[in-house]
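Asker: Provided herewith is a single structure, encoded as structure tokens, for subsequent inquiry.
The values are calculated or read from the model by the stated rules, or taken from the named source; none is laboratory data. Source: prediction; values computed, not measured. Cβ placement follows ideal geometry from the backbone for every residue including glycine, while neighbour counts extend to all protein chains displayed.
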Amino acid sequence: MEKNHTRVLLDNPYLLLTPGPLTTTASVKEAMLRDWCTWDSEYNGLVQHIRSRLVQLASRLEPDAYTVVPMQGSGTFSVEATVGSVVSQDGKIVVLVNGAYGQRIVQIARVLHVPVVAVDVGETSPISAAMLEETLDAHPDATHLAVVHCETTTGMLNPIAEVTLAAKRRGLTTIVDAMSSFGGIPLDMAELSIDFLISSSNKCIQGVPGFGFVIARREALEACKGRARSLSLDLFDQWETMEKQGGKWRFTSPTHVVRAFDQALIELEEEGGPEARHIRYSDNQRALVDGMAHLGFRTLLPPEQQSPFITAFHYPHASEVPDFAFPAFYEGLKRSGFVIYPGKISSADTFRIGSIGDVRQDDMQRLIAAVDQVLG
Ligand SMILES: *Cc1c(COP(=O)(O)O)cnc(C)c1O
């Protein structure tokens, strides 16, 4: 209840049950109450410390094999920086798609004129190693694979291990958009043969929006000099400047956001790391689904495909809630202190509720009571 008190003091009118930006702690927000010079050694040291902690989170097996490139902008900027900087002129990227974020990678490749093979399996099927093998048989000149870990469109947790390992056996460089999962689930990039993993400040690390980061196998990144199709989104240049100048960003860095992110990393560690956070998110998600099931709501995905980060629910049947309208439902919940997310798929009417951020099971229980009340 101490926690809710802090929320009241900060005058937050609602909890964000969205997959980022999400509800952050008061201490993360407080970390932004100071101005930092972007070229000062104290600030750059903070950036270096953040980079080394991210490497530790990404691989316990081989931390020295990895390095981190933070990039200004939202998460998509980091995805674009990666696709545009790592595939060479004669390369070809295979993207296994089952939602909007996979589709976005394809779109980025097309805009940048990077040869791309898109394999779209539809929004409610997981990707698989078998479909990758089949694609590679038809496109033996493919050099890169890109997949999304948690497809935030539906909440699907893709079985990336079988896919990245299969890609590695076929000699491909692997790129994983782990935007909405990194920090909220234990993973090891070395074990999974991931060369480039992308996430951002405002998802499971629980910072505020403002930058993304790419965790890269050092050797793979070193091969990317001069490949970029953009000046500001040149991953190699951004990395080289940061390495040579001890944590200096090439262009103005989001200093307040970086300071908040440092605090968020401290709090992730205090909580017990991705293992403990994964348990809390899973508990949140279970409380959410159980409570919603009690009110008659069905999830879009079966439990074995469902991530603990965000859940898509079908609209209620007309026989249960005769005149369900999402806008009124959304406004009612917002007035009760909860912001949820509209659906993002074409094949069914859904809405989504996030279970990440500084939220707990009791928040989910209060949400269920609010849903019950709003539906009348
Ligand atoms: C949030 C997210 C992104 C990036 O979205 P931005 O709006 O650019 O921050 C990319 N991929 C996935 C899977 C995401 O969840």
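Asker: Take the conditions among the charged types (D, E, K, R), without any contact (Cβ under 8 Å) to a residue 60 or more places away in the chain, within 27 Å of SER355 (Cβ to Cβ) and part of a helix (DSSP H, G or I) and apply them to GLU240. Does it pass?
Answerer: No; evaluated as a whole, the condition is false for this residue.
Yes or no, residue by residue, for (1) away from the ligand (no atom under 16 Å from the Cβ); (2) at pLDDT 95 or above:
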{"position": "SER41", "(1), (2)": "yes, no"}
{"position": "THR76", "(1), (2)": "no, yes"}
{"position": "VAL111", "(1), (2)": "no, yes"}
{"position": "HIS144", "(1), (2)": "yes, yes"}
{"position": "THR152", "(1), (2)": "no, yes"}
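Asker: Name the residues in the range 187-219 that are more than 9 Å from the ligand (Cβ to nearest atom), outside any loop (DSSP other than H, G, I, E, B) and buried (at least 24 other Cβ atoms within 10 Å of the Cβ), would you?
Answerer: The answer is PHE196, LEU197, VAL214, ILE215, ALA216.
Asker: Of all residues in the range 1-39, how many are polar (S, T, N, Q), modelled with pLDDT of 95 or more and over 21 Å from the mean Cα position of the chain (by Cα)?
Answerer: Final tally of qualifying residues: 1.
Asker: For PRO327, are the conditions met, namely being surrounded by fewer than 21 Cβ atoms within 10 Å (Cβ to Cβ) and either under 23 Å from the mean Cα position of the chain (by Cα) or under 26 Å from PRO159 (Cα atoms) (or both)?
Answerer: Details: surrounded by fewer than 21 Cβ atoms within 10 Å (Cβ to Cβ): yes; either under 23 Å from the mean Cα position of the chain (by Cα) or under 26 Å from PRO159 (Cα atoms) (or both): no.
No; evaluated as a whole, the condition is false for this residue.
Asker: Can you find a residue in the range 84-92 that is within 16 Å of the ligand (Cβ to nearest atom) and either out of contact with any Cys (no Cβ under 7 Å at 6 or more places or on another chain) or outside any loop (DSSP other than H, G, I, E, B) (or both)?
Answerer: yes
Asker: Could you please let me know if ALA58 is within 16 Å of the ligand (Cβ to nearest atom) and either assigned by TED's automatic domain parsing to the domain that holds PHE313 or among the hydrophobic types (A, V, I, L, M, F, W, C) (or both)? Talk me through it step by step, then tell me what you get.
Answerer: Values: within 16 Å of the ligand (Cβ to nearest atom): no; either assigned by TED's automatic domain parsing to the domain that holds PHE313 or among the hydrophobic types (A, V, I, L, M, F, W, C) (or both): yes.
No.
Asker: On the basis of being part of a loop (DSSP other than H, G, I, E, B) and either of a type outside the set (D, E, K, R) or more than 16 Å from the ligand (Cβ to nearest atom) (or both), does GLY184 make the cut?
Answerer: Details: part of a loop (DSSP other than H, G, I, E, B): yes; either of a type outside the set (D, E, K, R) or more than 16 Å from the ligand (Cβ to nearest atom) (or both): yes.
Here the answer is yes, as GLY184 does meet what is asked.
Asker: If you don't mind, there's one more thing I want to ask. Give the residue, chosen from SER52, SER88, SER59, SER78, that is of a type in the set (Ser, Thr, Tyr) and either touching a His at 6+ places or on another chain (Cβ under 6 Å) or without any contact (Cβ under 8 Å) to a residue 60 or more places away in the chain (or both).
Answerer: After applying the criteria, what remains is SER52.
Asker: Got a number for residues in the range 151-175 being in a loop (DSSP other than H, G, I, E, B), out of contact with any Leu (no Cβ under 7 Å at 6 or more places or on another chain) and buried (at least 20 other Cβ atoms within 10 Å of the Cβ)?
Answerer: The total comes to 3.
Asker: Please work out which one of (1) over 27 Å from GLN361 (Cα atoms); (2) away from the ligand (no atom under 16 Å from the Cβ) is the condition ARG286 fails and give its number.
Answerer: (1)
Asker: Does the range 64-78 contain at least one residue that is in the same structural domain as LEU172 (by TED's automatic domain parsing), out of contact with any strand residue (DSSP E or B) (no Cβ under 9 Å at 6 or more places or on another chain), of a type in the set (D, E, K, R) and not in a helix (DSSP H, G or I)?
Answerer: Within the range 64-78, not a single residue is in the same structural domain as LEU172 (by TED's automatic domain parsing), out of contact with any strand residue (DSSP E or B) (no Cβ under 9 Å at 6 or more places or on another chain), of a type in the set (D, E, K, R) and not in a helix (DSSP H, G or I).
Asker: Got a number for residues in the range 342-373 being at pLDDT below 95 and surrounded by 16 or more Cβ atoms within 10 Å (Cβ to Cβ)?
Answerer: Total satisfying the criteria: 3.
Asker: Related question: Looking at the range 205-220, which of its residues are within 18 Å of GLN72 (Cα to Cα) and touching a strand residue (DSSP E or B) at 6+ places or on another chain (Cβ under 8 Å)?
Answerer: Once the filter is applied, which keeps residues that are within 18 Å of GLN72 (Cα to Cα) and touching a strand residue (DSSP E or B) at 6+ places or on another chain (Cβ under 8 Å), the range 205-220 yields ILE205, PRO209, GLY210, PHE211, GLY212, PHE213, VAL214, ILE215, ALA216.
Asker: Same structure again: Run down GLY337, GLY332, GLY376 and say which single residue is surrounded by fewer than 21 Cβ atoms within 10 Å (Cβ to Cβ), touching a residue at least 12 places away in the same chain (Cβ under 8 Å), of a type outside the set (S, T, N, Q) and more than 13 Å from LEU15 (Cβ to Cβ).
Answerer: None of the other options fit; the residue is GLY332.
Asker: Identify, from the list ALA100, ALA58, the residue that is within 20 Å of the chain's Cα centre (by Cα) and more than 23 Å from PRO274 (Cα to Cα).
Answerer: ALA100
Asker: Continuing with the same structure: Looking at the range 180-205, I want the residues that are modelled with pLDDT of 95 or more and have a partner that is acidic (Asp, Glu) with Cβ atoms under 7 Å, at least 6 apart or on another chain. Which pairs are those?
Answerer: Short answer, once both residue conditions are applied: PRO186/GLU275; ALA190/GLU62; ILE198/ASP177.
Asker: Just one of the numbered conditions (1) more than 18 Å from PHE251 (Cβ to Cβ); (2) outside any helix (DSSP H, G or I); (3) more than 16 Å from the ligand (Cβ to nearest atom) is not true of ARG53; which one?
Answerer: (2) is the only condition that ARG53 fails.
Asker: Please work out if PRO70 is within 16 Å of the ligand (Cβ to nearest atom) and in contact with a Phe, Trp or Tyr (Cβ under 7 Å, 6 or more places away or on another chain).
Answerer: Working: within 16 Å of the ligand (Cβ to nearest atom): yes; in contact with a Phe, Trp or Tyr (Cβ under 7 Å, 6 or more places away or on another chain): yes.
When the stated conditions are applied, PRO70 passes them.
Asker: Restricting attention to the range 154-173, report how many residues are within 16 Å of the ligand (Cβ to nearest atom) and touching a Lys or Arg at 6+ places or on another chain (Cβ under 9 Å).
Answerer: Going through the range 154-173 one residue at a time, the tally reaches 2.
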